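Report on one structure; see the data block that follows.
The values are calculated or read from the model by the stated rules, or taken from the named source; none is laboratory data. This structure is a prediction, so every number in the text was calculated from the model and none was measured. Quick reminder, even Gly has a Cβ in these numbers, built from the backbone with ideal geometry, and neighbours come from all protein chains shown. Areas reflect the complete protein model, heavy atoms only, side chains present, ligands, DNA and RNA absent. Shrake-Rupley method; radii C 1.70, N 1.55, O 1.52, S 1.80 Å.
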Protein chains: 2
Amino acid sequence: MTLTDLRYLVALARERHFGHAAERCNVSQPTLSVAIKKLEEELAVTLFERSAADVKITDIGARIVAQAEKVLLEAGQIKELATAGRDPLSGPLKVGVIYTIGPYLLPHLIPRVHEAAPSMPLLIQENYTARLAESLKRGDLDVIVVALPFEEPGIVTQAVYDEPFRVLMPAGHAWEKEDAIAASSLAEAPLLLLGAGNCFRDQVLEVCPMCRSGEGLQRTLEGSSLETIRHMVATGAGITVLPSSAADPLPNGNALLSVRPFVAPEPFRRVALAWRVTYPRSGAIDVIRSAILSSPLAGVRAVSR
Amino acid sequence: MTLTDLRYLVALARERHFGHAAERCNVSQPTLSVAIKKLEEELAVTLFERSAADVKITDIGARIVAQAEKVLLEAGQIKELATAGRDPLSGPLKVGVIYTIGPYLLPHLIPRVHEAAPSMPLLIQENYTARLAESLKRGDLDVIVVALPFEEPGIVTQAVYDEPFRVLMPAGHAWEKEDAIAASSLAEAPLLLLGAGNCFRDQVLEVCPMCRSGEGLQRTLEGSSLETIRHMVATGAGITVLPSSAADPLPNGNALLSVRPFVAPEPFRRVALAWRVTYPRSGAIDVIRSAILSSPLAGVRAVSR
DNA sequence: CAATGGTGATAGAGATTAACTATACAACGC
DNA sequence: GCGTTGTATAGTTAATCTCTATCACCATTG
């Protein structure tokens with residue numbers, strides 16, 4: 001029993017004439033005749049009464065035809081589903097973002113994506129890089145926004161933008177008179193750091209090797225976010241390093257904080273998109289990339305493909 | 001897209017492993033692999049993400065699999081319908097009976113059929129032979145009970161029983177003293193006849209050729225039934241001829257009527273079943289025949305096959 | 001870093017199935 | 001009877017399905 005057989009069956013039930021039904025199915029009369037006979041044998045049921053005058057459907061035949069129509073209808077739905085799902089910009093996209101990007105990127109990203117792909121709702125999750133990578137590989141996420149380096153088997157990454165680091169200090173801090181801060185001097189200040197797991201923490205420590213070795217005055221704040229650290233800096237608890245997208249928008253309306261760049265060469269992080277090599281909706285990822293690049297993130301420089 | 005393809009699809013969605021899914025479908029891995037690929041091409045949609053680690057279903061793939069399961073379920077229903085409908089004694093049987101048999105046969109027939117085939121309800125229609133034949137050929141009826149001769153192209157008949165004719169007269173009628181009535185004497189009495197269209201009318205007239213030529217005292221009662229004629233006879237309106245199944249049960253409790261047989265050779269009618277040659281539920285017809293033969297119809301003689 | 005094992009894709013051969021054309025067969029109507 | 005109409009059957013061709021064997025890929029492991 002194939003879907004073709006069922007189509008023949010339904011056609012014959014409608015036409016009540018082998019020849020006409022065959023014509024409607026674009027096959028020869030013997031083809032349809034044989035198919036119906038085969039179907040009757042397979043089901044061990046007489047579906048039609050053939051006579052010279054005409055073709056009559058049996059009671060059981062009518063019931064089976066009705067069911068066959070239901071099957072064909074449902075089968076047709078598959079094609080419709082496929083057609084609807086063919087657009088990579090249709091259907092939800094599961095996006096992961098690291099904690100140190102999400103709060104600054106998402107407010108810009110969401111409206112832009114919604115405009116570019118109205119029928120692609122975003123399901124967003126913030127987490128550590130390692131957790132995001134796990135979810136991505138498992139298929140719980142479709143694309144993640146992370147900082148490089150990021151290497152995983154089966155995962156491709158595409159750099160999107162570079163983002164310089166800034167020093168954030170309380171207003172009135174001694175360094176406020178400097179135009180730019182040397183990375184080496186970070187070890188001299190009480191540096192507030194994110195907890196382990198945040199890649200940004202590691203990147204900051206890389207900027208200041210002495211801090212990593214524990215020789216500085218840095219303090220690790222487990223369970224904190226850049227925002228909570230910023231508030232702590234505002235109260236004079238220490239200084240910190242922020243990515244420009246988090247730091248630059250601040251001072252305008254915030255009298256308690258001062259932001260300074262690093263002296264060249266400025267340390268920076270490279271933010272990238274990552275997805276499974278096998279992920280088929282590349283169009284959706286393009287939309288995300290474009291939306292990120294058109295977002296007004298302070299201080300960032302696009303990375304050409 | 002075939003039902004087999006859909007089975008492969010569903011299996012793969014369940015197993016998430018081409019080899020295992022193929023095994024479950026009793027095919028080789030390449031077979032399933034190729035089938036899935038073909039399906040994806042036909043639908044122009046990626047259903048699965050293949051990677052070395054595992055097989056992930058895409059969102060659209062999951063939706064299509066759900067639909068495929070629905071299709072397979074409905075298709076399975078066809079087989080169940082066929083299994084259920086394979087029994088010729090299941091499902092309603094559309095029976096037609098001529099007016100001059102129905103009232104005497106059906107009360108006996110129905111309980112017997114119900115006992116022999118409890119899941120075969122009877123849909124019964126009484127009508128003239130010609131009308132029944134038309135309905136039978138059209139497929140509105142499955143089997144009819146008529147009197148022979150009955151010849152129709154595409155219709156087979158099977159004689160069931162012979163039924164002698166009787167003369168019915170009012171109690172106290174002059175012929176009451178006779179043991180048997182000669183057919184030729186019918187022309188001498190006011191004979192009440194059914195309207196045209198009733199085959200029994202013609203058969204009675206055949207018994208009495210003089211009546212046919214209009215030389216007797218007979219009166220045709222259009223729109224009547226044997227029962228109404230019987231009541232008329234009881235009031236003394238005339239005499240009539242009845243089949244034994246209608247006549248013989250009467251006199252016992254009916255002081256107003258007398259019944260007499262004809263002199264040998266008794267005229268009789270041969271009652272038969274008729275159905276389309278193509279009708280597949282011959283088992284159902286056998287049941288009807290048996291039920292008729294086991295019915296206690298007065299005076300009838302079974303006709304051997 | 002090379003070897004290994006597991007997994008899906010591909011190639012080519014063989015068998016099955018489905019389709020066609022031609023024709024037989026059956027039933028009715030003239 | 002004989003032609004017409006309509007379905008079934010035969011035989012052939014073509015498409016398709018399925019198989020075995022093998023490749024290619026990747027991730028793990030010694």
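Okay, here's what the table says:
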| quantity | calculated |
| --- | --- |
| Cβ-Cβ FRET estimate between B:GLU178 and B:VAL156, R0 fixed at 45 Å, reported to 0.05 | 0.65 |
| Gain upon complete extension [B:ALA66, B:SER185; 0.36 nm per residue less C-alpha separation] | 34.7 nm |
| The protein assembly as shown: Cα Rg divided by the 2.2 N^0.38 Å rule of thumb | 1.82 |
| Candidate lysines - alpha carbon under 30 Å from A:LYS79, same-chain residues fewer than 8 apart omitted | A:LYS37, A:LYS38, A:LYS70, A:LYS94, A:LYS137, B:LYS37, B:LYS38, B:LYS56, B:LYS70, B:LYS79 |
| 7 Å along Cα→Cβ, label-point gaps from B:ALA174 to other copies, nm, shortest first | 15.4 |
| Within 10 Å of each Cβ in B:135-142, the average number of Cβ atoms from other chains | 2 |
| Largest-first ordering by accessible area, 1.4 Å probe, given options B:ARG7, B:ARG230 | B:ARG7, B:ARG230 |
| Net length gained if the chain between A:HIS108 and A:THR31 were fully extended (0.36 nm per residue, minus Cα distance) | 21.6 nm |
| Cα gyration tensor shape of segment A:99-202, rounded if a/c is under 1.5, else prolate or oblate by comparing a/b with b/c | prolate |
| Interface residues, segment B:1-19 - accessible area loss of 20 Å² or more versus chain alone, probe 1.4 Å | B:MET1, B:LEU3 |
| Sequence-distant residues sharing a close amide H with B:TYR161 (under 5 Å, placed H) | B:VAL271, B:VAL303 |
| Loop GluC sites (Glu not before Pro), segment B:167-222 (other Cβ atoms within 10 Å of the site Cβ: 11 or fewer; DSSP) | B:GLU215, B:GLU222 |
| Segment B:3-85 - percent relative contact order, Cα under 8 Å, separation 6 or more | 29 percent |
| Centroid-to-centroid separation of segment B:287-305 and segment A:1-41 [C-alpha atoms, Å] | 42 Å |
| Cα shape, segment A:1-142, gyration tensor, a/c 1.5 rule | prolate |
| Segment B:50-107 and segment A:197-240: distance between their alpha carbon centers, rounded to Å | 68 Å |
| Mean accessible surface per residue for segment A:88-305, computed with a 1.4 Å probe while every protein chain stays in place, in Å² | 43 Å² |
| Exercise: per-residue mean of other protein chain Cβ atoms within 10 Å, B:279-286 | 2 |
| Cα-based Kirkwood hydrodynamic radius, chain B, one decimal, Å | 23.9 Å |
| The protein assembly as shown: calculated mean residue ellipticity at 222 nm from DSSP helix runs of at least 4, using -39500 (n - 2.57) | -12500 deg cm²/dmol |
| Convex hull volume of segment B:3-85 per residue (C-alpha atoms, cubic angstrom) | 89 Å³ |
| Two-site label geometry, B:VAL303 and B:ALA264: point separation in nm, points 7 Å out along Cα→Cβ | 2.2 nm |
| B:THR220 - accessible surface, heavy atoms, 1.4 Å probe, Å² rounded to 10 | 60 Å² |
| Relative contact order (%) - segment A:168-285, alpha-carbon pairs under 8 angstrom, separation at least six | 38 percent |
| Around A:ARG112: net Lys/Arg minus Asp/Glu count, Cβ-Cβ under 14 Å | -1 |
| Charge context of B:LEU194, other residues only, Cβ under 9 angstrom, K/R +1, D/E -1 | 0 |
| Portion, in percent, of the accessible area of the protein assembly as shown that falls on carbon or sulfur, probe 1.4 Å | 54 percent |
| Accessible-area ranking of A:ILE64, A:ILE124, A:ILE155, largest first, probe 1.4 Å | A:ILE124, A:ILE155, A:ILE64 |
| Buried area at the B-A interface (accessible, heavy atoms, 1.4 Å probe, summed, Å²) | 3400 Å² |
| DSSP H segments from chain A that extend 24 Å or more along their own axis, Cα-based, with Kyte-Doolittle mean of -1.0 or above | A:59-85 |
| B:GLU41 versus B:VAL277: modelled label distance in nm, points set 7 Å from Cα along the beta carbon direction | 4.9 nm |
| Largest-first principal axis extents of the Cα set of segment B:147-305 (Å) | 52, 34, 30 |
| Accessible-area order (highest first, 1.4 angstrom probe) of the listed residues B:ASP202, B:ASP248, A:ASP142 | B:ASP202, B:ASP248, A:ASP142 |
| FRET E, pair A:GLN125, B:ALA237, Förster distance 56 Å, beta-carbon r, rounded to 0.05 | 0.05 |
